[in-house]
Amino acid sequence: MALPSVTVLPLLIVVAAGVYYIYNEVMHFMSKSLVQNKVVVITDAVSGVGTECAQLFHKGGARLVLCGTNWDKLESLYDTLTTDADPRETFAPKLVILDFSDMDSMEDVVAEVLECYGYVDVLICNSSMKLKAPVQSVSLELDRNIMDINYFGPSSLAKGVLPPMISRRSGHIVLVNSIQGRLAIPFRSSYAASKHAAQAFFDCLRAEVEEYGIVVSTVSHTFINASDPAPVEEPGPNANTLAAFIKSKLTHGVRPSVLANEIMWTVNRKRKEVVLAHPIPRVALYLRSLLPPFLFAVLAAGVKDSVLAVQKQ
């Protein structure tokens, strides 16, 4: 007896939902088994994304080396992870003080990280310093500080853990970058420059170490949004509607938990490049390559609107 056509669509939806649920459960189980016993180093582990990553990899049975600038916060994270944890399935994390703004300490930090287990399976470079300001107001000292934290720090740490990876012909380096490493937005010149530098470095590194079985991944995301969504503002009468729309989508953030899950999947699937963004930023990336004059005009119009809005206040 044939099913009535009106019931076919709901039935297909239910079946698709069931298949999707089973797929997610299988992937969740595999993600745990794939990182089990792996030595995973996470920088800025006390940040929102770092903490979410630490929880995911800890539950998966990874041997964590958690890095951060504040010892008290690292100890607090340690307590959170180890409380009620099963010692038969998880490992107590190692803690290392790491401050990318102090580049003179990097040699000692690398040595301390490697002393924990003698090698690193997965390095997750998560540290970042953000800045929003007009170009002319940013000092050279601040420029250098941003470059240390966003570029020189991650690249130096990656270089430090490479020798054991090369000798073992195995390893995975993940750069948690920003979409602004691929697309520059006004008033973020120093930040975008540092992210572009990091993107280029790890792209080069990927090609250089592939012959040793080492995977290099970059995860480009929109800004981290750990707060509640802001109320939608009505555009002014003279506002550039297209520029305002693109700006709102470019600044629509990603939740730390969502990004952490994406990082876990990137490690498990050994994906080399991931863009975690909504459609509008993705379209902007294509426009940057295919129709740059149009994108430049839209961004410039957005700057003019913001200047006018400030003048009216």
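The values are calculated or read from the model by the stated rules, or taken from the named source; none is laboratory data. Model, not experiment: these values are computed from the prediction. With ideal geometry, Cβ positions are generated from the backbone for all residues, glycine too; neighbour counts draw on all protein chains shown. Calculation scope for accessible area: heavy atoms of the full protein, side chains included, ligands and nucleic acids excluded. Shrake-Rupley method; radii C 1.70, N 1.55, O 1.52, S 1.80 Å.
A 1.4 Å probe, protein heavy atoms only, puts the accessible area of residue 262 near 40 Å². Between residue 280 and residue 130, the modelled labels are 1.6 nm apart [label points 7 Å from Cα along Cα→Cβ]. The 1.4 Å probe gives accessible areas that order 34, 140, largest first, as 140, 34. Taking a straight line from the alpha carbon of residue 304, these aspartates and glutamates sit under 20 Å away, with near neighbours fewer than eight places off in the same chain left out: 233, 234. Students often get this wrong, so check it: of 130/195; 73/159; 38/270; 132/272; 130/270; 73/195, which have C-alpha atoms separated by over 18 Å? From the list (130/195; 73/159; 38/270; 132/272; 130/270; 73/195), the Cα-Cα distance tops 18 Å for 73/159; 132/272; 130/270; 73/195. Under the simplified labelling scheme, the residue 92-residue 138 pair shows an inter-label distance of 4.3 nm, with each label point 7 Å from Cα along Cα→Cβ. Estimated at the nearest 10 Å², the accessible area of residue 115 is 150 Å² with a 1.4 Å probe.
Filter the trypsin sites (Lys or Arg not before Pro) in the stretch 120-157 down to the DSSP loop ones having no more than 13 other Cβ atoms within 10 Å, then list what survives. When the trypsin sites (Lys or Arg not before Pro) of the stretch 120-157 are filtered for loop state and at most 13 Cβ neighbours within 10 Å, 132 remain. Cα centroid separation, the stretch 47-111 to the stretch 160-185: 18 Å.
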